[in-house]
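Step one of this worksheet: look at the structure below.
Laboratory data are not the source of any read-out in this text; all were calculated from the coordinates shown. Treat the numbers as computed from the prediction; the structure is a model and nothing was measured. Methodologically, a virtual Cβ is constructed for each residue, glycine included, from the backbone with ideal geometry; neighbour enumeration extends over all protein chains shown.
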Amino acid sequence: MHKIYTIFFLLLICCGLIQSQTQIQINDTLTGDPIKSKYISIGLTGGLNHIWNETNLPIIPGGSDCGFFNNGTDLGYYLGLGGEYEFLPNQLNFILRFIYDHRPITLTEMTSSYEVYDEQTYNYVPLIRKHNFDGYLDYLLIDVGISYKIPINFPLELKLTADAGHPIFGAKFENTEEIIKPEKILFPEMKRKRTVENGEMTNAGSSYGASLAIGTEFLLDNGFIIKPELSFRYALNSVLTDNEWHTNILRFGVQISRKFDIGEKQKFIRTKTIYLPDPPKPAPPIETVKPEIIQVFKSEPVKILETMVTQTYPLLNYVFFDSASAVIKSKYINTINTNNFSEDNLPKETLSIYYNLFDIIGSRMIINPKAKIKVTGVTDGEEFSNQKDRIKLAESRAASVADYIMNRWNISKDRIITEAQDFPKLPTSRDYIEGYQENRRVEITSDYPEILKPVVHSKFFEYTSTQDEIHFSFDLNKDIKLSGWNFIAFDGLIKAQGQINNQDYGLFKISFPLTIELINHIGSKIKTNSPLKAELTVIASDNSQEKKDIHINISKELNSFEVGRLNLIVFDFDRFDISKQNKIMINDFLKSSIKENSTVAITGSTDRLGELKYNYKLSSDRANSVKNYIQTINPNAKITDIVGIGPSILPYDNNIPEGRFYCRTVLIEVKTPLKK
């Protein structure tokens, strides 16, 4: 950017030198004396903005605990209509302009104020997040001031102006945050990147500033005037009404205008001296053999670790309803044909499996024709003032679920028993508004263990990498003028392009983040130590292109441990005792997963409700309950880690009832060395 400013300033000087050789003199046709007359000029102006945004905007809206966005730079532009009135001939002009001013916003900060549990290192590590505040402020400015022509043999002009504007053309923003490290941690939405806030910047106010500019001018034969200028605008106030935010701008642009004489009209003689440049040198002969543009193109190897995993996903047997409603929410409704339903095709993600609860139960009842289920509708105890009305609502909820399963899976009515209760037997406390949400539900139970047993995905592969980035480099022929390049790799998951300047010739290095999506793509596509292809296209200044392929070396290694995981929904609100159903689940898991040489890690957690210190103790109690039960079944189990993490990591969205229930959990992770 500093190179651009330097080139522009040199152009100003060159234009001035050219104009100093063009002398225009207007003489009285009778006396020969110069005519003194006044002019106005009207025209268009426009150019680029280099913007410095200086602020102390909180990273998290409404709070300051997570830090502040500070400074950022951006490129914008301005367009306008303006005029000048010459009230002192060849000395002072009055300036008035109306400008559309586009000011982009890009603020970036990194934070690491929290620690989370890293499953790769088995330690608590800083949660490194990248925060971005992107947007724009589009102003209508009124710019007024004066210009002064320096009395030297050089057409140099100084301008001093003041502006006032308001963002009537738009004030949009988006505040996002992205988890950088550790790689396996996700936000509750199961994403590494999420939007914190977006929309209109309702707190954007008027903007005031003062500018100092330097420029020159030169005349065209058709009577138009071109004025390049370089200016600096200093902000006089904050652009926000409730936070400090100053916007300083370096502008470089051009004004094109037409000059009109408003003085006494007289005949005049116009003389002009023009110095022509030397004729261009003849072009060199065209070479018959075109040399290679891309001389070196290579990539660094990528190391992938492949782990065999068996994961057990327990079913939450509650279905939640809106207040005073018996309508099943759309997220529980599946539109695929029941003939195509298979648990093997379910995603390997807890909430996605849970939303298929009705189809899982229905398909298992088809496989087990003697099995029955009980569907119990309940209310939060306050949805209607009359208990009789609440019981009727609970009956309607139970009937909605029973009818849906019967109709979709052609289950006979005698296999589904419906009941109604005013309030759950194991309720969530109504000290929290979330308690009301969780108590508006239908509970599904069965004496037949197969109906509500966990969903198990056996022996699938997970892929990880110790690298954060993948790097490529290429060397270009310095004797060929180039304009740009395009790069593509991994079936289009990586795409990039760029421009090439003369000073850039030589070895290029480009890097890309090695995301979870990219790691999974590489792991699923390749065999051990197999190459994948990348493609580089370089474009010359004459629009000719050269394309070259390389093979990316991938080193895939099989983990020496097989991992088994069991997430237990063993706890209702504020409880740490293990239910009968979950004891059966633990028994089955221990039989299939824990071997003599296995090691076991147990992690208890809670949702966000309640006091933080109490939740840490509750999560530890849950972890110890599971540990004690495992030791009653298998006293020789090697339990290496027992930890309660409270709500420090919320793997599921705590704004929904099912997300909070799935956070009241214990994770049992078993590592077993593979046989060599």
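Below are the figures for this structure:
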| read-out | value |
| --- | --- |
| Assigned charges on the beta-carbon of Lys, Arg, Asp, Glu; the chain dipole about Cα centre (debye) | 1360 debye |
| Evaluated over segment 579-659, the Cα radius of gyration and Dmax, each in Å | 14.2, 41 |
| Percentage relative contact order, segment 561-673, counting C-alpha pairs under 8 Å, at least six apart | 44 percent |
| Compactness relative to 2.2 N^0.38 Å, alpha carbon Rg of the chain | 1.38 |
| Rg to Rh quotient for segment 315-453, alpha carbon positions, Kirkwood Rh | 0.97 |
| Cα-Cα over 19 Å, subset of LYS348/LYS453; LYS370/LYS583; LYS303/LYS675; LYS374/LYS591; LYS374/LYS453; LYS298/LYS547 | LYS370/LYS583; LYS303/LYS675; LYS374/LYS591 |
| Aspartates and glutamates whose Cα lies under 15 Å from that of LYS627, excluding same-chain neighbours fewer than 8 positions away | ASP577, ASP641, GLU669 |
| Shape of segment 108-185, Cα gyration tensor, a/c cut at 1.5 | prolate |
| Anchor LYS259: aspartates and glutamates whose Cα lies under 14 Å away (excluding residues fewer than 8 positions away in-chain) | GLU84, GLU86, GLU217, ASP221 |
| Summed side-chain charge close to THR55 - residues other than THR55 whose Cβ falls under 12 Å, Lys, Arg +1, Asp, Glu -1 | -4 |
| For the chain, share of DSSP beta bridges that run antiparallel, in % to the nearest 5 | 90 percent |
| The chain: relative contact order as a whole-number percent, Cα under 8 Å and 6+ apart | 11 percent |
| ILE510-GLN631 pseudo-label distance in nm [points 7 Å out on the Cα-to-Cβ vector] | 5.8 nm |
| Prolate/oblate/rounded call for segment 532-676, Cα gyration tensor, a/c under 1.5 rounded | oblate |
| Formal net charge of residues neighbouring THR335 (Cβ-Cβ distance under 13 Å; K, R +1; D, E -1) | +1 |
| Pairwise centroid distance, computed over Cα atoms, of segment 167-193 with segment 437-456, Å | 35 Å |
| Partner aspartates and glutamates for LYS281 [C-alpha distance under 20 Å; skip if fewer than 8 residues away on the same chain] | ASP479, ASP542 |
| Three-way shape label, segment 369-515, alpha-carbon gyration tensor, a/c 1.5 | prolate |
| Dipole of the chain, positive direction: furthest Cα of GLY43, TYR313, ILE225, with charges on the beta-carbon | TYR313 |
| Separation of alpha-carbon centers, segment 331-367 and segment 579-654, rounded to whole Å | 27 Å |
| Among 352-365, 378-391, the order from most to least packed when residues are scored by Cβ within 10 Å on average | 352-365, 378-391 |
| Estimated [θ] at 222 nm from DSSP helical runs (n ≥ 4, -39500 (n - 2.57)) normalised by residues in the chain, nearest 500 | -5500 deg cm²/dmol |
